Amino acid sequence: MSRFLALAALVALASRPAVAQHALADGGAYDPGIPTPASVLGYAIGERFTPHHEIVRYAELLAEASPRVRLDTVAKTFEGREVLLAIVTSEANQMRLDEIRRDAQRLADPRGASAAELAAVVDRLPAIVWLGYTVHGGEASGTEAALAMLYQLASGTDAETRMILDSTVVLIDPVQNADGHERHVQDVMRMRGALRIPTAPGAMIHDGSWPGPRTSHYYFDLNRDWFILSHPSTRGRVATFREWAPHVAVDLHEMGSNSTYFFAPPMQPFNENLHESIIRWWDIYAASNAAAFDAYGWSYFRREGYDEFYPGYGVSWPSLTGAVGMTYEEASSGGGAIRREDGTILTLREAARHHYTAAWATALTTARRRHARVADYLAFRRSAITDAEDAPMRAILLEPDAQGRAQSLVRILTGNGIEVQRLGAATDVRDATAYGAARAGTVRLPAGTYVVDLAQPQGRLAKALLEPDAKLDSSFIAEELESRRLGRRDRFYDITAWSLPYTFRVRAWWTPALPGPLEPLAPAPTATVAAPTLPEAGYGYAFEAGSEASIRFLAGLLADSVRVWYAPRPFRIGTADFPHGAFVVRVAANDDDVHDTVRRHAAESGARVVPLASALVDEGTDLGSNSVTYVAPPRVGLVGGPGVSGNSFGFAWFAFDQRIRYPVTTVSLGSLPGMLDELDVVVLPSASAGGLERALGEDGRGRLAAWVRGGGVLITLDGATAWLAAEDTGLSDVHRRREEDPADGRRLPANIPGAIVRVVADTLSPLMAGIHQAVLPAMASGDRVYEAPPDVGPGVVVARYAAADRLRLSGYLWPESPDRLAGTPYLWTDRVGRGRIIAFAQDPNFRDLWRGWLPIFANAVFLGPAMR
C-alpha cells in the first residue's frame with residue numbers, strides 16, 4: 001500500500017465534516033444563540049454571492065454573539081473596504097490570546113531560548129491555521145465557504161468542532177481581494193434575472209465587465225504580491241501573518257468550470273528553498289482531504305496544473321516561512337450555476353461545499369496532529385538558521401546608492417520580516433561574488449552597506465527573494481525540452497526570475513562568510529537640507545534625475561504648474577556637483593510662491609534639492625545654455641478598456657498614482673481617437689495587435705498617427721509595441737522580426753517564461769536621465785523579437801539586448817533564445833513629424849516589481865515631449 005493510501009485509510013472514517021445548521025452541511029448540534037447566515041443575510045449560503053458590507057455585518061454579529069470569535073481589521077483596500085480577519089478558537093484560548101501570540105513568536109524566533117523552554121511552548125501552543133479565501137475576486141465560492149466555516153466554529157457544539165477550537169486558533173480571511181470580489185458580486189447581481197441563473201457557459205452572467213473581477217482596484221493579481229507588498233491589503237496581511245506565525249496556511253481558489261478539485265501536493269517545479277518537512281506535510285493533508293472527499297464520492301486531483309516555484313503566491317510565501325502552505329482549487333460555478341461539458345450543472349452551493357469540506361478536513365487534521373505540526377514548525381525555523389551557517393551562500397551584500405534604490409529594497413525586506421544589518425566601516429570583503437559574475441573576488445564596500453545574513457529564522461524566504469538565480473530542477477527542464485520537441489505546452493506557471501537586487505537595479509554580492517563589523521539597521525537618513533528650512537534660491541533650485549524621490553518631486557511641481565527645465569550636461573556650482581545634469585526650477589520664470597511650492601513638494605517627496613544663486617557654473621555648462629530644455633507639464637492619457645490588458649493598464653495606473661504621483665486621464669481604447677486633442681502623451685499598455693486593430697479600425701489608427709505627427713507622444717508597452725512595430729502603422733522604423741521557416745517546416749515554441757537578462761543602454765539618451773549604468777538588468781518574456789534597419793539613426797535604439805554569451809542573468813531561456821534576442825531592440829524612440837514614439841519591448845511597470853525601470857518610464861512621460 002502506498003504512503004498516500006495508508007494515510008487516507010487512517011483518516012477515512014474520521015474526516016467527514018461535522019455539521020451544523022447551515023446550507024453546506026446536513027444538520028447537527030449548534031448553539032441557538034448564534035445567528036445563522038440565513039437569519040442575517042436573508043438567504044442560505046450558496047444561493048447567491050454575498051456583497052462585502054453583508055460579509056462585514058455578519059462577521060460583526062458573530063463576534064458580538066460568540067465568545068469564540070474576535071474580529072480584527074488588518075487593512076483597508078484602495079477603495080476603502082475593510083480587510084477582515086476573524087480569530088476563532090475556544091473561549092479559554094480567547095482569554096489567553098496574548099500569551100498564544102507570545103508563544104508563537106517565541107517559536108518563530110527560537111534564538112536564545114533553552115531547549116526546555118521551547119519544548120514547553122510546543123506542548124502548550126495551539127496550532128495556528130490561516131484560511132485565506134477569494135484572493136481572485138471572481139473565485140467567490142471561497143467567501144461563501146468562509147461564512148459557513150465561521151458559523152460552524154462559532155456555533156457548533158459537537159466533539160469535532162470543540163476539538164478544533166481547543167487545539168487550534170483558526171484565522172479566517174474571508175475575502176482577500178475585497179475590491180475585486182465586490183466587482184464580481186455587482187456584475188452578477190446586475191445580470192441576474194428574477195427566474196433563474198442562465199447556465200449556458202456563454203451567458204453574460206458568467207463574463208463580467210472589463211477587465212474582470214480577478215484583480216485588485218489597480219488590476220493587480222494579489223496572489224503575486226505577497227513579497228512585493230504593493231497593496232495595503234498585502235502589507236496588512238503580511239504584517240498580521242508575521243504577528244501570528246501560523247503553522248498551516250491554505251489559499252482557496254477557483255479554476256475552470258470543467259475541472260474537479262485540486263489540493264496539494266503541487267506539481268514540479270518546487271522552489272529549492274522549500275524544506276522537506278513542508279513536502280511531507282503536503283501528503284498528510286492530501287490524505288485527509290482525499291478521505292473527506294471520498295466520503296461523498298467527489299473527484300479531485302493532485303500534482304497537476306499548479307507549481308510551487310514563484311515565492312509570491314499566497315501559499316509559497318508562507319511555506320518559505322515554515323507554515324504548510326497549500327493551494328486548494330475548486331471548479332468555478334461562474335455566475336452561480338453553470339453547465340459543464342458532461343452536462344452536469346455546477347452550482348455555487350456545491351462549489352462552496354467542496355471548499356468548506358477541504359478547509360474543515362484541514363483544520364481537523366491540524367487539531368489531531370497539533371503537537372507534531374508545531375514541533376515541525378519549530379524545527380523549520382531553527383534549521384533555517386543552522387543550515388545557512390555552513391551553506392555556500394551565507395550573506396547577501398547590497399551597496400547603498402545615492403538614488404535610494406537599495407534603501408527602497410531594504411524596506412521591502414524588512415516588511416517581509418527579513419533582518420538586515422549594515423557594515424559599520426568600509427571593509428574589504430573576500431570571496432565575494434558579484435551578481436552576474438562567474439567568479440568570486442575581493443571587493444571594498446563602504447560603511448553602511450546592507451548585509452542580509454541568511455542564517456536567520458526568515459532565512460529561507462530571504463534567500464528565495466535575493467539569490468541571483470532560482471534553480472530549476474534539471475529533470476523538470478529535461479522533461480520540458482522533450483515535451484516542447486513533441487509540440488506540447490510548457491508547464492511554466494509563472495515567471496522564473498525575480499531576484500530583487502536585479503529588479504531594483506542594486507549592486508549586490510553574495511559571500512560564503514558573514515563580513516563585519518556589523519551594526520543594526522539605522523533609521524533611513526534624511527535629506528541633506530531639511531525641506532522646511534530650504535534656503536531661498538536667487539536663481540533656481542536643482543535636483544538630480546533618477547531617484548523615486550526626484551520623480552515624485554518633478555511630478556508634483558509639474559502638476560502644480562511650476563516651470564521646470566532639464567539640463568542634460570554636467571555642471572558644478574560651489575560644492576553642488578551634478579555630474580549627469582539636473583532638473584532646474586528657474587525662480588524668475590515662476591510665480592512668487594515658487595519657493596513655498598518647492599519646499600512643500602521637497603518635504604512630501606524627500607528629494608534632495610539644491611538652491612542656486614546664479615546660472616553661472618564653476619564647471620560645465622551654464623544653466624542658460626540652449627541645451628537646457630523646457631519640460632512642459634504633459635496632459636497624459638492612459639488607455640484601457642476592452643482590447644487592452646487589464647494587468648498592464650493597472651501596472652501603469654498604479655505607477656502614476658502611487659509611485660510617480662502624477663494625475664492621468666484614463667481613456668477607453670474606443671474613445672481614444674476622439675480624446676486626442678486633449679492629450680499630449682498617450683500611454684498604450686499591452687494589448688494584442690489584432691485587438692488594437694479591431695478597436696481602433698483604420699480610421700482610428702489614422703487619427704492616432706496624425707496626432708503623433710502633429711506633436712503627440714505615443715508610449716507603447718509590451719504587446720502594444722508589437723502593434724506599433726507593424727509596418728502598416730507607419731510610425732516605427734523598428735519592426736517585428738520575421739523568422740525564417742525552419743528546414744523541416746516545424747517551429748519550436750519560443751515563449752520565454754519571465755527571465756532576467758542584460759540590456760545595453762545609450763546613456764546619452766534623455767530617456768536614460770539619471771541612469772548611470774550602461775548595462776542594465778531587464779525582464780525578458782514572451783516570443784516577440786524586433787529588428788532595426790541597418791541605417792538606423794543615432795539615439796533611436798536606446799537599449800538593446802546584450803550579446804548572446806552575456807545575455808542571461810537569471811531564470812530560464814530556451815536554448816536558442818540568446819541567439820534570437822542578442823543585439824535586438826529593447827527600447828527605442830524616434831521622431832515622427834513633430835511628435836515622437838517611445839516603445840518598450842516589455843512592460844517596465846510589471847507587478848510593481850521592476851522598480852529599477854520606473855525612472856525610465858517616468859522619463860518617457862516627462863522628457864519624451866521635450867526630446868529634440
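Tell me the net charge near Pro457. Cut-off is 12 Å between Cβ atoms, Pro457 excluded, with +1 for each Lys or Arg and -1 for each Asp or Glu. Mind showing how you got there, number by number?
Working: positive: Arg106, Arg111, Arg242, Arg381, Arg382, Arg460; negative: Asp109, Asp387, Glu419, Asp453.
Summing Lys and Arg as +1 and Asp and Glu as -1 gives +2.
Scalar couplings 3J(HN,Hα) for the range 319-325, obtained by applying the Karplus form with A = 6.51, B = -1.76, C = 1.60 to θ = phi - 60°, are 5, 7, 9, x, 6, 7, x Hz; x denotes Gly and Pro. Looking at the P(r) of the range 673-765, how many percent of alpha-carbon pairs lie beyond 22 Å? Everything past 22 Å amounts to 42 percent.
Put the Cα centre of the range 604-634 next to the Cα centre of the range 275-309 and the gap is 62 Å.
For a modelled paramagnetic label at Glu389, 7 Å from Cα along Cα-to-Cβ, the residues of the range 456-472 in reach, with backbone nitrogen under 14 Å, are 456-457.
Placing R0 at 22 angstrom, the Cβ-Cβ distance between Leu514 and Ala115 gives a FRET efficiency of 0.30 after rounding to 0.05. Relative to its residue count, the range 313-405 spans a Cα convex hull of 206 Å³ per residue. Work out the FRET efficiency for Thr442 and Asp577 from their Cβ-Cβ distance, taking R0 = 35 Å, and round it to the nearest 0.05. With R0 = 35 Å, the Cβ-Cβ based efficiency is 0.75.
In angstrom, the C-alpha Rg and Dmax of the range 73-163 are 16.7, 48. Across the alpha-carbon set of the range 596-748, the Rg to Rh ratio works out to 1.11, Rh being the Kirkwood radius. Long-range amide H contacts for Ile128: which residues qualify at under 5 Å (H placed 1.01 Å from N, peptide plane, sequence gap of 5 or more or a different chain)? Residues meeting the amide H criterion: Val169, His247, Val248.
Here the range 127-270 is treated as a Stokes sphere of Kirkwood radius computed over C-alpha pairs; at 25 °C and 0.890 mPa s its diffusion coefficient rounds to 144 µm²/s. Within the chain, the longest run free of exposed loop sites, counting GluC sites (Glu not before Pro) that sit outside DSSP helix and strand states (H, G, I, E, B) and have at most 15 other Cβ atoms within 10 Å, spans 537-738.
The mean sequence distance of close C-alpha pairs (under 8 Å, at least 6 residues apart), as a share of the length of the chain, puts its relative contact order at 10 percent. Report, in whole Å, the centroid distance computed from the Cα atoms of the range 533-548 and the range 363-436. Going from one Cα centre to the other spans 38 Å.
If you wrap the range 407-553 in the convex hull of its Cα atoms and look at it from every side, the mean projected area works out to 13.7 nm². Applying 1/(1 + (r/R0)^6) with R0 = 41 Å to the Cβ-Cβ distance of Ile345 and Ser671 gives a FRET efficiency near 0.55.
Proximity of backbone amide H atoms, modeled 1.01 Å from N, is registered between Asn271 and Glu308, Phe309 at under 5 Å, excluding neighbours fewer than 5 places apart on the same chain. Entry note: the range 570-614 has Rg to Rh equal to 0.97, where both radii use alpha-carbon atoms and Rh is the Kirkwood radius.
Scan the chain and report its longest stretch carrying no chymotrypsin sites (Phe, Trp or Tyr not before Pro) that are both in a DSSP loop and have at most 13 other Cβ atoms within 10 Å. All intermediate terms of the calculation are to be shown ahead of the outcome.
On the way: sites that count: Tyr43, Tyr296.
Longest site-free region, per DSSP loop and neighbour criteria: 297-868.
What value in Å³ per residue do you get for the convex hull of the alpha-carbon atoms in the range 366-426? Before the final figure, lay out each step's value.
Details: hull volume 7.3 nm³, N = 61.
Here the figure is 120 Å³ per residue.
Filter the trypsin sites (Lys or Arg not before Pro) in the range 592-630 to those in DSSP coil with at most 15 other Cβ atoms within 10 Å of their Cβ, and list the result.
Answer in residue order: no site qualifies.
Neighbours of Phe857, meaning other residues whose beta-carbon lies under 10 angstrom from its beta-carbon, give a summed charge of 0 when Lys and Arg score +1 and Asp and Glu score -1. Along the range 362-368 the Karplus relation, 6.51 cos²θ - 1.76 cosθ + 1.60 evaluated at θ = phi - 60°, assigns HN-Hα couplings of 5, 5, 5, 4, 4, 4, 5 Hz to successive residues, with x for each Gly and Pro.
So for the chain: antiparallel DSSP bridges make up what percent, rounded to the nearest 5? About 65 percent, rounded to the nearest 5. Between Asp622 and Asp728, the distance separating the two model label sites (each 7 Å from Cα on the Cα→Cβ line) works out to 5.5 nm. By the Kirkwood approach, averaging reciprocal distances over each pair of separate Cα atoms, the range 794-868 gets a hydrodynamic radius of 14.0 Å.
How far is helix 594-605 tilted, in degrees, relative to the longest principal axis of the Cα atoms in the chain, given as a value from 0 to 90 rounded to the nearest 10? Here the helix axis deviates by roughly 40 degrees. Scanning residues 5 or more positions from Tyr30 or on other chains, those with amide H under 5 Å from its amide H are Thr157, with H placed 1.01 Å from N in the peptide plane.
Using the Kirkwood formula on the Cα atoms of the range 505-642, what hydrodynamic radius do you get, in angstrom to one decimal? Show your work: numbers first, answer last.
Numbers: mean 1/r = 0.0595 Å⁻¹.
Averaging 1/r across every pair of different Cα atoms and inverting gives 16.8 Å.
Normalising the Debye intensity of the range 425-480 to I(0), with uniform scatterers on Cα atoms only, and taking log10 at q = 0.15, 0.16 Å⁻¹ returns -0.64, -0.70. Seen against the Cα atoms of the chain and their longest principal axis, helix 141-155 is set at about 50 degrees.
When the Cα positions of Ala497, Ser671, Ala432 are compared along the charge dipole of the chain, Ala432 comes out farthest toward the positive end, with charges on each C-beta of Lys, Arg, Asp and Glu. Taking Lys and Arg as +1 and Asp and Glu as -1, the other residues whose beta-carbon sits under 10 Å from that of Ser209 total 0. Enter the angle in degrees (range 0 to 90, nearest 10) between the Cα long axis of helix 405-415 and the first principal axis of the Cα atoms of the chain, meaning the one along which they spread out most. Approximately 10 degrees, to the nearest ten. Taking 0.36 nm per residue of sequence separation and subtracting the Cα-Cα distance, how much length would be gained by fully extending the chain between Asp592 and Glu79, in nm to one decimal? Separation in residues times 0.36 nm, less the Cα-Cα distance, equals 180.9 nm. Whole-percent P(r), the chain, all Cα pairs, 10 Å bins from 0: 2, 12, 20, 24, 20, 14, 6, 1, 0. Couplings 3J(HN,Hα) of the range 233-241, computed from phi: 5, 5, 4, x, 5, 5, 4, 5, 4 Hz, in residue order, whole Hz [Karplus 6.51 cos²θ - 1.76 cosθ + 1.60, θ = phi - 60°; x for Gly and Pro].
Computing Rg and the Kirkwood Rh from the Cα coordinates of the range 71-124 gives a ratio, Rg/Rh, of 1.15.
Bear in mind these aren't lab numbers, they're just calculated from the coordinates by the rules spelled out. None of the values given here were measured: they were computed from a predicted structure. For neighbour counting, all protein chains shown are included, and Cβ atoms are generated from backbone atoms with ideal geometry for every residue, glycine included.
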